[in-house]
Amino acid sequence: MNITNKTVLITGGGSGIGFQIAKLLSEKNNTIIITGRSEARLKDAIAKLNNVSYLVADITKEDDVNKLVGYINEHHPKLDVLINNAGQAFMYELADQPAFENAGAEMLTNYLSPIRLIDKLLPVLKKQAEAAIVNVTSVLAIAPSHDVPTYSASKAALHSYTQALRLSLADTGVTVFELYPPLVDTEFSAEIGGSNGIPPKQVADELLEGLESDTYDIRVGFTAQFWDMHLKSPDEAFAMLNARERN
Ligand SMILES: NC(=O)c1ccc[n+]([C@@H]2O[C@H](COP(=O)([O-])OP(=O)(O)OC[C@H]3O[C@@H](n4cnc5c(N)ncnc54)[C@H](OP(=O)(O)O)[C@@H]3O)[C@@H](O)[C@H]2O)c1
């Protein structure tokens with residue numbers, strides 16, 4: 001797709017991968033709106049960027065989502081691209097503690113909230129000549145890591161939904177992309193050894209290449225190698241992923 005002169009909404013665009021995407025796409029002459037829960041973080045982000053505005057919204061809260069959708073319909077009715085990037089993860093062992101509460105929070109943030117936002121923004125996206133949805137999953141959508149177990153499951157759920165959505169929207173003007181980062185050096189991943197990960201700018205660069213070349217599954221860096229391993233032997237790929245320290 002052509003990704004200039006578009007209007008793009010990025011959830012969690014105030015830091016990490018979302019911020020780098022906002023930076024890169026704003027430099028390509030797109031109008032960007034970023035959201036997050038912390039106004040201080042969003043203000044700090046937009047001070048470093050051009051052509052970017054923000055709205056404080058927690059994607060897990062229905063009232064905030066309604067406010068966000070109202071804001072888009074009123075101020076950005078030409079919204080072309082929705083990037084579901086905000087995410088949450090808990091690092092723990094299923095052997096050591098109950099999973100239900102962590103799993104519920106992760107499913108709400110990483111799976112149900114992108115679905116609700118897509119439900120509410122599809123009418124506006126369908127009105128555009130060339131629109132897109134990007135769901136940010138993870139290498140862990142392909143196979144789970146035991147130390148972020150229910151996070152991995154939430155990303156696998158988002159991956160599955162994304163495949164079905166792409167097929168269902170195939171005859172509309174809305175193209176569905178999936179961005180699968182490997183370990184990336186952000187605040188989010190600090191606890192799981194994220195300093196060994198790739199810079200978030202690389203994720204933004206590969207997203208841009210994927211959008212421009214209509215590559216619907218954008219497997220960034222190590223994710224592409226892991227995908228090949230998984231195709232050869234899902235069992236061996238799973239074992240290798242979980243043998244690596246703090247994947
Ligand atoms: N870093 C990695 O190694 C890695 C690997 C694979 C996939 N990913 C995925 O990449 C995406 C971005 O992660 P990141 O590493 O860039 O993390 P990050 O730097 O922590 O950024 C996450 C952003 O999401 C926002 N956010 C979190 N919960 C939110 C909510 N309920 N409502 C609205 N905004 C919310 C945060 O802002 P506030 O706190 O202000 O709300 C923050 O700006 C996530 O979906 C993550 O699962 C990351």
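The values are calculated or read from the model by the stated rules, or taken from the named source; none is laboratory data. Bear in mind the structure is a predicted one, so any value in this text is a computation, not a measurement. Counting neighbours? That spans all protein chains shown, and the Cβs are built from the backbone with ideal geometry, glycine included.
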Taking residue 206, is it buried (at least 18 other Cβ atoms within 10 Å of the Cβ) and at pLDDT 95 or above? yes
Find the residue count for region 189-206, including only residues that are closer than 23 Å to residue 163 by Cβ and away from the ligand (no atom under 11 Å from the Cβ). 1
Determine which member of the set 86, 103 is surrounded by fewer than 23 Cβ atoms within 10 Å (Cβ to Cβ) and either within 11 Å of the ligand (Cβ to nearest atom) or of a type in the set (A, V, I, L, M) (or both). 103
Quick one: residue 134 ticks every box in (1) within 30 Å of residue 74 (Cβ to Cβ); (2) more than 13 Å from the ligand (Cβ to nearest atom) bar one, so which box is it? (2)
Check whether at least one residue in region 31-39 is surrounded by fewer than 22 Cβ atoms within 10 Å (Cβ to Cβ), within 10 Å of the ligand (Cβ to nearest atom) and among the hydrophobic types (A, V, I, L, M, F, W, C), and report yes or no. no
Being closer than 18 Å to residue 211 by Cα and in contact with a His (Cβ under 9 Å, 6 or more places away or on another chain) narrows it down to one of 152, 138, so name that one. 138
Given the structure, is residue 66 of a type outside the set (Gly, Ala, Ser), surrounded by fewer than 20 Cβ atoms within 10 Å (Cβ to Cβ) and more than 29 Å from residue 156 (Cβ to Cβ)? no
State yes or no: is residue 186 of a type in the set (S, T, N, Q), within 14 Å of the ligand (Cβ to nearest atom), more than 25 Å from residue 130 (Cβ to Cβ) and touching a Gly at 6+ places or on another chain (Cβ under 9 Å)? yes
Looking only at region 192-213, which residues are farther than 20 Å from residue 30 by Cα, out of contact with any Lys or Arg (no Cβ under 9 Å at 6 or more places or on another chain) and in contact (Cβ under 8 Å) with a residue 12 or more places away in the chain? 197, 198, 199
Does residue 44 satisfy being among the charged types (D, E, K, R) and without any contact (Cβ under 8 Å) to a residue 24 or more places away in the chain? no
